[in-house]
1. Is there a residue being modelled with pLDDT of 90 or more, under 24 Å from A:ILE177 (Cβ atoms) and open to solvent by less than 70 Å² (accessible area, probe 1.4 Å) anywhere in the stretch A:216-236?
2. Just for the stretch B:9-68: of the residues that are away from every other protein chain (no Cβ under 13 Å) and hydroxyl-bearing (Ser, Thr, Tyr), which one is most open to solvent (accessible area, probe 1.4 Å)?
3. Evaluate the following for B:ASP72: is it away from every other protein chain (no Cβ under 12 Å), on the phi < 0 side of the Ramachandran plot and in contact with a helix residue (DSSP H, G or I) (Cβ under 7 Å, 6 or more places away or on another chain)?
4. Among the candidates A:SER182, A:SER212, which residue alone is open to solvent by 20 Å² or more (accessible area, probe 1.4 Å) and either of a type in the set (S, T, N, Q) or over 23 Å from the mean Cα position of the chain (by Cα) (or both)?
5. Give just the number: which of (1) exposed (fewer than 12 other Cβ atoms within 10 Å of the Cβ); (2) among the charged types (D, E, K, R); (3) within 14 Å of chain B (Cβ to nearest Cβ) does A:GLU66 not satisfy?
Amino acid sequence: MNGSLELEVADLDSKREIREVTEFLNSFGLEYEGDLDYTVILRNGPAMVATGSFKGEVLKNFAVNESFQGQGLMASLVTALTREQTRRGIVHFFVFTDPRKAFMFSELGFSEIARIEPYVALLETGLGSIDSWILEAAKELAHLPPNRAALVMNCNPLTKGHEALIRRAASENKAVIVFLVSEDLSFFSFKDRFFLVKESLGHLKNVSILPSGKYMISAATFPTYFLKKDQGLLAQTKLDLAIFAKKIAPALNIVCRYVGQEPSCEITRAYNQAMLDILPSQGIEVKVMPRLAINHQPVSASLVREAWKSADWETVSAMVPPATMAYLQGKTP
Amino acid sequence: MKSVVKPAQAGTLESNDIMIIVEPGANGIVLELESIVKKQYGQAISQTIIETVKSYGLTDLNVKAIDKGALDYAIRARLVTALSRAGLGPGSEG
């Protein structure tokens, strides 16, 4: 790297430093994405010439001053960031970037997972890859016949609505895969959500329940789902579904995806719409199921969480299967 | 038997260098190599890495190497640093 440049770790508690990074990114027409774990800055004297950050496994907020481009600054940033990630026990790295900038990361050994022109490309490097994840999943699913149906669900927590949807898929298909969202950013932990789905549906012989991993509705493929921001929502839903349609579904023999109708949540509704826009053209049928209603009330996990928090056991017990009920009774909100 | 206890990284992504990341493994020595000269030298680089790992008496290790044209001795030096940072002896900078 250019010998006169200094690498500095930003103080993320300093409003002044954050403002400086924000203004630097803005000068390239880039937004500052907050909620970061670590940010580095390259300076030429007092002037910032490049910056990059990470949050968990995801590298983001990169910018390099044009007059310093082509001098290996991106390599310095990625080296410093991944070194710190590794120090924190993270060895698999993702970057979510402008498709026109993707080549800069390819040159640093990143492999492209998918892109949606002209909005976004997702790349990865380090230990772990989508191909190795698919191989592992294929092994787990080896006992299921082909032409499988799939559901990607959060089940936060499992309701009678989720249960009805999975049973419906199981009655209409020889094999069903339930990918349960792995990311531990929901109210109930992955471990507990997984346990409840297993308890209520584990006995169905033609249904396999797997963690969704890093390539479906994860912090890498779909950060908005967790951030609850609408910026870039369309691009992200499309990216997530492109990975599903082009990589996951063909390799795991998935021909159909089931989804529950979404009356309220804007992000989920956008995602469902994107499914209808993208998957059929890739040969994957989408079956949208009407939401289960109990006493004229549509069943929803967010309603269950609210009722549970206000100790409205009548509503909770009407909407959840016995295993979820027992679990919620044994837990304090 | 010797083994590494935690993930570690050494080297850089700069030209003529190599970045190496290691983590404890369970399925033998598993190497994933990216290199700008993979076609010509991929085999030789892999051999250098695997022989060095074996010389430590390691039987299980996951290794990711991103090569930007490093020479043989640099590859070995970076790997040795990564292994020491991962718990195989005293750490060093580099």
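The values are calculated or read from the model by the stated rules, or taken from the named source; none is laboratory data. As the structure is a computational prediction, the values presented were derived from the model and not from experiment. Cβ: placed from backbone, ideal geometry, glycine included. Neighbour counts: every protein chain shown. Surface accessibility is based on the protein's heavy atoms, side chains included, excluding ligands, DNA and RNA. Shrake-Rupley method; radii C 1.70, N 1.55, O 1.52, S 1.80 Å.
1. Our first condition is that a residue be modelled with pLDDT of 90 or more; within the stretch A:216-236, this holds for A:216.
Remaining after also requiring under 24 Å from A:ILE177 (Cβ atoms): A:216.
The next check asks that each one be open to solvent by less than 70 Å² (accessible area, probe 1.4 Å); those that pass are A:216.
Yes - at least one qualifying residue is present in the stretch A:216-236.
2. B:TYR41
3. Numbers: away from every other protein chain (no Cβ under 12 Å): yes; on the phi < 0 side of the Ramachandran plot: yes; in contact with a helix residue (DSSP H, G or I) (Cβ under 7 Å, 6 or more places away or on another chain): yes.
Here the answer is yes, as B:ASP72 does meet what is asked.
4. A:SER182
5. Unmet for A:GLU66, out of (1) exposed (fewer than 12 other Cβ atoms within 10 Å of the Cβ); (2) among the charged types (D, E, K, R); (3) within 14 Å of chain B (Cβ to nearest Cβ): (3).
Every residue, every condition in (1) touching a helix residue (DSSP H, G or I) at 6+ places or on another chain (Cβ under 6 Å); (2) open to solvent by less than 20 Å² (accessible area, probe 1.4 Å); (3) outside any loop (DSSP other than H, G, I, E, B), yes or no:
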site	(1), (2), (3)
A:LYS246	no, no, yes
A:ARG269	no, no, yes
A:SER302	no, no, yes
A:ALA307	yes, yes, yes
A:VAL316	yes, yes, yes
A:THR324	yes, yes, yes
A:LEU328	yes, yes, yes
A:LYS331	no, no, no
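For (1) open to solvent by less than 10 Å² (accessible area, probe 1.4 Å); (2) over 26 Å from A:ILE113 (Cα atoms); (3) part of a loop (DSSP other than H, G, I, E, B); (4) assigned by TED's automatic domain parsing to the domain that holds A:GLU124, each residue gets a yes or a no:
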| residue | (1), (2), (3), (4) |
| --- | --- |
| A:GLU31 | no, no, yes, yes |
| A:THR39 | yes, no, no, yes |
| A:ARG43 | no, yes, no, yes |
| A:ASN61 | no, no, no, yes |
